[in-house]
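The values are calculated or read from the model by the stated rules, or taken from the named source; none is laboratory data. Here the structure is a predicted model, which is why all the values come from computation and not from measurement. For neighbour counting, all protein chains shown are included, and Cβ atoms are generated from backbone atoms with ideal geometry for every residue, glycine included.
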């Protein structure tokens, strides 16, 4: 397996372009299943998860191909040949479950394997299933597959989510676009990726109101048509690279970023002593003092602090002045990076869903192991602030969520390289 070697050094300077959002793209791609006409996505990230979703759509008979060096994905589902999403593909990525709602809505039946992904928590399918059943689907679990059918088609319903799940919101909204009548979804997720999906669905002819709020209303239509849609900037990649100068020092401009994508995160950076300035091209980030200040962080659904940035900000807080407390409320198993950071000299105590981080003056390079996607990049960030060499092993996780991480960080002065196994 490949590894990434980081040598801690001086401050960073320059520009980092921010890619299209992985999590938005993975919801937008299954939307092609709702229509016989072509759907084209631009500003798409070049990641292994996108390739996995492409393979899944192709296995269903959809046409899907990457153009312009992978930054455009052209799709068409005019002639689907299957409604079975096989385990061999779905096990690689949890977002594969997002084909369930569109397949039921368009074809009236589907067989979708229970999904995989990073080992950061259970993330069950019960909210997806409950919502789709209220729309009229009949779903049962057999042999690790969700067997779903809607013999009488889907019908609008009032659905309240027990938790503001992003995936369940996306699955239900897509299914409801072709249901008869009106669907009202309350306690819906509000993430920018939801808004981006709804924007695309509207371009395809869907009638939806309330995206970005906890109440989304969908008026079903008979059919959707084709569209071309630009994927929103990846707020998690944005936040990750904003932390690079916060950890290593210097000043970096993240091209394509906007504060509204990460307002709660930016507020925590400000409290820690990190200057964030909105420019005509993105966000300029710089550390105000030699060391950042300790801050407390609690992960919450959007617009709160993103769970997908918890590992990265922990890396920054390892060298902060004082003690920080991080409360993880979204996933129950998301501190697996903490033992690896302690190998680099960090002082971290984990008790259930809370981690207490007492800052040290300097981390020390060490061999560490990536346990999941966001943990892998947090260890790379920590290496920017460490004395000597940090070797991050098992970086295949990284390819699921960050394109050209070595190129982007070395472009602003980081000493980083990828070493082939």
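Assorted remarks:
- Any hit, the stretch 379-387, residues being outside any helix (DSSP H, G or I), surrounded by fewer than 21 Cβ atoms within 10 Å (Cβ to Cβ) and in the same structural domain as residue 315 (by TED's automatic domain parsing): yes
- Of all residues in the stretch 28-51, those satisfying the criterion of being more than 16 Å from the chain's Cα centre (by Cα) and not in a loop (DSSP other than H, G, I, E, B) are 31, 32, 33, 34, 39, 40, 41, 42.
- Selected residue (criterion: surrounded by the fewest Cβ atoms within 10 Å (Cβ to Cβ)) from residues of the stretch 59-92 that are in a loop (DSSP other than H, G, I, E, B) and under 22 Å from the mean Cα position of the chain (by Cα): 69
- Take the conditions (1) more than 19 Å from the chain's Cα centre (by Cα); (2) in a helix (DSSP H, G or I); (3) buried (at least 23 other Cβ atoms within 10 Å of the Cβ); residue 271 misses just one of them, which is (3).
- Annotation note: of 122, 95, the sole residue that is within 23 Å of the chain's Cα centre (by Cα), in the same structural domain as residue 56 (by TED's automatic domain parsing), part of a helix (DSSP H, G or I) and modelled with pLDDT under 95 is 95.
- Residue in the stretch 389-401 that is assigned to a helix (DSSP H, G or I), at pLDDT 95 or above and within 27 Å of residue 234 (Cα to Cα) present: no
- Being buried (at least 18 other Cβ atoms within 10 Å of the Cβ), touching a helix residue (DSSP H, G or I) at 6+ places or on another chain (Cβ under 7 Å), closer than 27 Å to residue 20 by Cβ and at pLDDT 95 or above is a condition met by no residue of the stretch 358-373.
- Flag if residue 280 is closer than 22 Å to residue 412 by Cβ and part of a loop (DSSP other than H, G, I, E, B): yes
- Qualifying residue in the stretch 364-376 (condition: more than 24 Å from the chain's Cα centre (by Cα) and in a strand (DSSP E or B)): yes
- Flag if residue 222 is more than 21 Å from the chain's Cα centre (by Cα), modelled with pLDDT of 95 or more and either over 28 Å from residue 149 (Cα atoms) or surrounded by fewer than 17 Cβ atoms within 10 Å (Cβ to Cβ) (or both): yes
- Residue in the stretch 142-151 that is out of contact with any helix residue (DSSP H, G or I) (no Cβ under 7 Å at 6 or more places or on another chain), outside any strand (DSSP E or B), surrounded by fewer than 21 Cβ atoms within 10 Å (Cβ to Cβ) and at pLDDT below 95 present: yes
- Taken over the stretch 346-357, the criterion of being crowded, with 24+ Cβ neighbours inside 10 Å and free of Cβ contacts under 8 Å to residues at least 40 places away in the same chain is satisfied by 346 alone.
- Among the conditions (1) within 27 Å of residue 188 (Cα to Cα); (2) surrounded by 23 or more Cβ atoms within 10 Å (Cβ to Cβ); (3) modelled with pLDDT under 95, residue 311 misses just one, which is (3).
- Test: residue in the stretch 232-244 that is over 23 Å from residue 304 (Cα atoms) and over 17 Å from the mean Cα position of the chain (by Cα): no
- Top-ranked residue of the stretch 179-193 - restricted to ones that are without any contact (Cβ under 8 Å) to a residue 60 or more places away in the chain and in contact with a helix residue (DSSP H, G or I) (Cβ under 8 Å, 6 or more places away or on another chain), ranked as farthest from residue 214 (Cα to Cα): 183
- Residues of the stretch 316-345 that are touching a residue at least 40 places away in the same chain (Cβ under 8 Å), within 19 Å of the chain's Cα centre (by Cα) and buried (at least 24 other Cβ atoms within 10 Å of the Cβ): 334, 337.
- Applying the condition of being touching a strand residue (DSSP E or B) at 6+ places or on another chain (Cβ under 8 Å) and not in a strand (DSSP E or B) to the stretch 207-228 and asking which residue is nearest to residue 185 (Cα to Cα) yields 214.
- Counted residues, the stretch 314-357 - those being in a loop (DSSP other than H, G, I, E, B), under 26 Å from residue 289 (Cα atoms) and touching a helix residue (DSSP H, G or I) at 6+ places or on another chain (Cβ under 7 Å): 3
- Residues of the stretch 163-178 that turn out to be within 14 Å of residue 215 (Cα to Cα) and outside any helix (DSSP H, G or I), as a count: 3
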